[in-house]
Amino acid sequence: MNHSWQAIKQKLRGTQQTRENDGFLYYNITGRQLSLLILLVAATITAGIFGTQQLALHAAASDKSLPIYSVETEDQQKRISLGINCAWGSSDMPALLDALDDAGVKATFFFVGSFVDRYPDVVEEIDERGHELANHSDTHADLTTLDAAGIEAEIEGCSDKIEAITGERPTLFRCPSGAYNNLAVDTARDLGYEVIQWSVDSLDWKSLTLPEMEERILPNLTYGDILLFHSGTDYTAAALPTLIDEIEAMGYSFVPVGELIYPNSENIDVTGRQFAPDSAF
Ligand SMILES: [Zn+2]
C-alpha cells in the first residue's frame with residue numbers, strides 16, 4: 001500500500017500545472033501519465049479490498065472514454081500531425097500561414113467560435129490555403145461542468161459558425177483546455193465528431209523560445225504524434241520553419257489530423273493511442 005501511494009505522489013509531482021494561452025487552469029498530464037495515475041489509484045484501492053491488482057487494471061481500462069491523443073499508424077509510418085488552437089490572438093496568423101505554405105505542410109486548426117466571430121476572414125483564408133478546419137468549442141467553456149445539452153450547444157455552436165463561412169462542417173473536436181469527462185467525450189462522439197487531444201505539447205503559449213521548444217519536442221517525438229501549438233503566441237510563427245525542417249529531417253511527414261486517425265474507431269488504449277479498428281493492442 002505504502003509503496004503504491006508513494007508512486008501516486010510521485011506521479012502527481014511529475015505533472016505540470018499549466019494552461020493553454022486561451023484557456024483555464026488544468027493539469028497538463030499526458031495520456032500515458034493519466035492512465036498510469038488512474039491505474040495506480042484503482043490498483044491501490046483494489047489491492048486493499050481484494051488483494052489483487054488485476055481487477056482494477058481491467059476496470060480502469062474499460063470505464064473511461066478517452067479522446068485520441070496519438071495514433072498507431074499503419075506499418076508504423078512516420079506520420080505526425082500539427083494542430084494549432086485558435087482562441088484569442090491572430091496577429092501572427094499571416095506569418096504562421098506563410099511558414100506552413102513555405103514548408104508545404106497542411107495543419108489542423110482548432111477554432112473557438114468566438115475567434116470565428118472576430119476573424120471570419122482569417123478562417124476563410126486558412127480554409128482557402130487548404131488546411132483542415134476543426135472545432136474547439138464555441139466559448140472555450142469547461143465541458144466537465146456542463147450537462148449533455150450544454151456540451152452539445154458548445155460543440156454545434158462552433159460548427160455552425162465555421163460552416164456559415166466555409167460551407168463545410170468540421171468533424172474533429174478538441175475539448176477546451178483539453179479538459180474532458182466521459183459525458184463530454186461520449187456526447188461529442190454521439191454527435192458524430194472525432195475527439196482529438198494531443199500527445200506533444202509545445203507550451204508555445206508560455207513564450208518558449210525555439211531552443212526551448214526544440215528541447216521539449218524533438219527528443220520525445222514518435223510516429224503518430226499530434227503536436228499542440230497556438231495562434232497568437234510570441235515565437236511560434238518564427239520557430240515553426242526550423243521545427244518543421246528538423247522534424248522532417250528525422251524522417252517524419254506531416255498530415256492533417258483527419259488523415260492521421262482511423263475514422264469512427266474507438267479502438268483506443270489506456271494511453272489514448274488509437275489503433276487500427278481490427279488490431280489488438
Ligand atoms: Zn484551448
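Among H131, H140, the ranking by other beta carbons within 10 Å of each residue's beta carbon, starting with the fewest, stands as H131, H140. How would region 69-153 be classified by its alpha-carbon gyration tensor: rounded, prolate or oblate, with rounded meaning a/c under 1.5 and the a/b versus b/c comparison settling the rest? Since a/c reaches 1.5 but b/c is at least a/b, the shape of region 69-153 is classed as oblate. Distance from the Cα centroid of region 213-281 to that of region 135-181 is 22 Å (rounded to whole angstrom).
For region 131-219, the list of GluC sites (Glu not before Pro) that fall in a loop by DSSP and count at most 14 other C-beta atoms within 10 angstrom reads E168. Neighbour counts of other Cβ atoms within 10 Å put L82, L97, L191 in the fewest-to-most order L191, L97, L82.
Neighbour counts of other C-beta atoms within 10 Å: give me V257, V122 arranged from fewest to most.
Taking fewest neighbouring Cβ atoms as first place, the list is V122, V257.
The H on the amide N of V71, modeled in the peptide plane, is under 5 Å from the matching H of D225, Q274, each at least 5 residues off or on a different chain. Packing around the peptides 67-74, 173-180, taken as the average count of other Cβ atoms within 10 Å per residue, puts them in this order, highest first: 173-180, 67-74. Does region 70-274 come out rounded, prolate or oblate, given a ≥ b ≥ c as the square roots of the eigenvalues of its C-alpha gyration tensor, rounded meaning a/c under 1.5 and, failing that, prolate meaning a/b above b/c? Verdict is oblate for region 70-274.
No lab work stands behind these numbers, since they all come straight from the coordinates. Only a predicted model underlies this, so the values are computations on that prediction, with no experimental measurement involved. Neighbour counts run over all protein chains shown; Cβ positions are idealised from the backbone, glycine included.
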